[in-house]
Amino acid sequence: MHLILKGIVEAFHLLLSGDPFIYSIAWRSLQVSVPSILIALAIGVPVASLIAQRRFRGRRLVIALINTGMAWPPVVVGLLVALFLWRSGALGFLDWIYTLKGMIVAQVLIATPLVTGLTLAALQQLDPSFRLQILAMGATRRRLFFLLLREIRVPILAAAMAGFGRVIAEVGAATIVGGNIAGQTQVLTTAIVQYTNAGDFAGAIALGVILLLLAFATNFIVTTIQQRSVVATWA
Amino acid sequence: MSDTPIIEARGLVVARDGSDIVHIDRFAVQEGEVHVVLGPNGAGKSTLLRALDGLEPMSGTLLYGGRPVRSERDRRQLRRATAVVFQKPYLLATTVLGNVESGLRLRGVGRDEARRRALAALDLLGVDQLADRRRKGLSGGEAQRVSIARALAGDPEVLFLDEPMAALDPPTRRGLLADLERIVAERAITVVWVTHDKEEALQVADRVTFLAKGRILQEGTAAEVLNRPATDEVADYLGVDVWLSGSVVDDPDAGSRFVADDGSSLACAGAYTGPAFACVHPEDVALSLSEPAPGSVSDRNVLPTTVVAIRPKGRLRLVELDWGSQPLQALVTQAAADHLALEVGMPVCALIKAVAVHIVPRAAPTP
């Protein structure tokens with residue numbers, strides 16, 4: 001108990017004193033997570049829109065794969081990405097193993113099924129006649145896409161935040177692909193593991209508090225927006 | 001005005017999961033007419049409407065102003081020249097004004113022009129004061145008025161209405177129906193109006209197409225369809241409550257006479273002879289306490305009956321009568337019922353004009 005209390009006190013000292021090393025790790029986490037979620041949105045939203053609007057052979061299989069992908073174990077994703085990015089791997093020429101770029105690739109693979117699946121669910125909940133109404137107004141397919149996105153902007157934001165929460169809290173893939181190199185690829189989660197193993201509870205708790213604050217801020221934003229907006233289609 | 005229909009479908013088939021939802025040989029709408037598609041729920045009316053606006057995958061030929069609609073580009077041009085109002089208003093996540101402007105902007109109208117026309121359309125529907133409101137706070141009637149304003153703002157060549165009143169309460173519905181009827185008449189807009197409500201159809205239609213199970217059973221003026229149902233299914237839906245089974249024979253005195261299976265008979269009109277159902281609308285049956293003197297009334301059928309039951313039907317009274325072994329019904333006002341002092345068990349004369357006996361050739365077993 002004494003150990004924990006001591007750790008907490010030291011952690012807040014580190015946080016309040018603006019320890020540059022601690023904050024550089026937090027900043028690196030954001031450098032990986034934010035681009036990852038933006039790329040996941042750029043892929044997932046159009047893919048979900050295509051799946052929602054088109055009927056094609058194997059559509060159910062694709063949806064089942066996306067739903068499965070929402071629960072992919074990050075450590076397995078990390079392993080697969082590492083195999084590809086390894087110097088002798090198919091994408092070894094990129095030289096992305098143990099880099100932030102490599103970590104972003106892994107995080108994109110983790111977040112994209114989540115964003116796609118949640119966006120698809122939101123699109124499928126829209127009344128099909130809503131789409132017909134927009135088409136009946138003379139919209140092109142492109143305008144239809146953007147107008148439908150505007151209708152589901154809150155669920156998309158929720159999907160983005162859920163994806164962000166998943167990747168920023170993820171440790172397995174970050175460790176395997178990034179290598180947890182201090183000052184280079186060490187992020188909040190991997191650093192917490194290392195600090196804990198080394199008995200540096202103050203550092204681990206300080207990083208844990210930052211992680212918790214980020215998770216709380218994310219959820220607070222989503223909840224606030226969800227309470228203020230209602231996706232209604234005159235059901 | 002040209003004779004070419006503004007919208008025409010030939011051999012139109014919409015299929016889903018291997019079965020035909022809509023299968024019609026020909027459907028045509030002339031410019032300037034209000035063409036009602038009437039029929040029960042699940043008849044394929046809305047599917048037909050969507051197919052006519054290029055919103056539903058279909059086979060067959062669709063012509064707009066005589067020109068075939070084939071490609072996606074043709075369909076988009078068709079949709080930009082027309083407008084659809086669905087049963088639900090489906091407003092976009094923006095202001096009321098933004099919704100009406102969106103309808104115009106998507107049709108390529110410039111920003112300033114769109115604003116001017118959107119405000120004029122909102123004014124036309126009496127909802128200009130809602131311009132800055134968002135959809136969330138609107139009532140169902142207000143939202144539907146906005147949806148209609150959005151459709152009319154683009155001056156559509158054809159206005160498709162898919163049961164626009166169905167989700168509204170009766171007072172809201174009456175107000176909107178009156179306004180819509182006035183606007184359509186003033187602007188001579190061509191309208192395809194889908195409804196399952198025969199009174200709405202009677203009120204607005206120039207022509208009526210009756211659809212059931214995806215097929216057209218009858219097409220004609222509203223009076224033709226409502227007063228002369230072509231099949232027993234149409235008659236049944238339109239609420240002809242009394243069915244007499246029998247056949248029509250030539251009558252040297254009366255022209256035609258319907259002879260019921262039990263031998264009772266009614267003078268009727270028309271050239272058909274053969275097995276038939278005779279349909280008598282309750283509102284076409286007048287009641288009298290005594291038999292009128294010969295020649296004093298124009299009714300060719302004067303039937304001795306007995307009152308079996310008196311039931312309220314809206315503001316009217318439905319009087320069930322026993323005419324030999326045949327049932328008969330009369331719809332009278334409360335004042336008439338009071339004047340005749342109608343009671344169950346009392347004898348009354350039912351008076352029916354020969355032209356009010358609608359003969360439907362018997363094509364199916366007695367329902």
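For this structure, a couple of remarks:
- Test result for B:V319, in the same structural domain as B:V285 (by TED's automatic domain parsing), within 22 Å of B:S264 (Cα to Cα) and in contact (Cβ under 8 Å) with a residue 60 or more places away in the chain: no
- Once the range A:131-161 is narrowed to residues that are among the basic types (K, R) and more than 7 Å from chain B (Cβ to nearest Cβ), the residue that is surrounded by the most Cβ atoms within 10 Å (Cβ to Cβ) is A:R131.
- A:A182 meets all of the listed conditions (1) in a loop (DSSP other than H, G, I, E, B); (2) touching a residue at least 40 places away in the same chain (Cβ under 8 Å); (3) on the phi < 0 side of the Ramachandran plot; (4) of a type in the set (G, A, S) but one, namely (2).
- The residue that is surrounded by the most Cβ atoms within 10 Å (Cβ to Cβ), counting only those in the range A:115-130 that are more than 13 Å from every other protein chain (Cβ to nearest Cβ) and not hydrophobic (A, V, I, L, M, F, W, C), is A:T116.
Matching residues to (1) part of a strand (DSSP E or B); (2) among the acidic types (D, E):
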site: B:G11; (1), (2): yes, no
site: B:G32; (1), (2): no, no
site: B:L48; (1), (2): no, no
site: B:E56; (1), (2): no, yes
site: B:T61; (1), (2): yes, no
site: B:R73; (1), (2): no, no
site: B:R79; (1), (2): no, no
site: B:V84; (1), (2): yes, no
site: B:K88; (1), (2): no, no
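- Only residues that are outside any strand (DSSP E or B) and at pLDDT 90 or above were counted in the range B:321-334, giving 0.
- Options A:T140, A:T119; residue that is free of Cβ contacts under 8 Å to residues at least 60 places away in the same chain and in contact with a helix residue (DSSP H, G or I) (Cβ under 8 Å, 6 or more places away or on another chain): A:T140
- Any hit, the range B:213-229, residues being closer than 22 Å to B:V85 by Cα and crowded, with 20+ Cβ neighbours inside 10 Å: yes
- Boolean, A:T175 is in contact (Cβ under 8 Å) with a residue 24 or more places away in the chain, closer than 30 Å to B:N99 by Cβ and more than 12 Å from every other protein chain (Cβ to nearest Cβ): no
- Within the range B:90-122, being touching an Asp or Glu at 6+ places or on another chain (Cβ under 8 Å) and outside any helix (DSSP H, G or I) holds for B:Y90, B:L92, B:A93, B:T95.
The values are calculated or read from the model by the stated rules, or taken from the named source; none is laboratory data. All values reported here derive from a predicted model rather than from experimental measurement. Glycine gets a Cβ as well: all are built from the backbone with ideal geometry, and neighbour counts include every protein chain shown.
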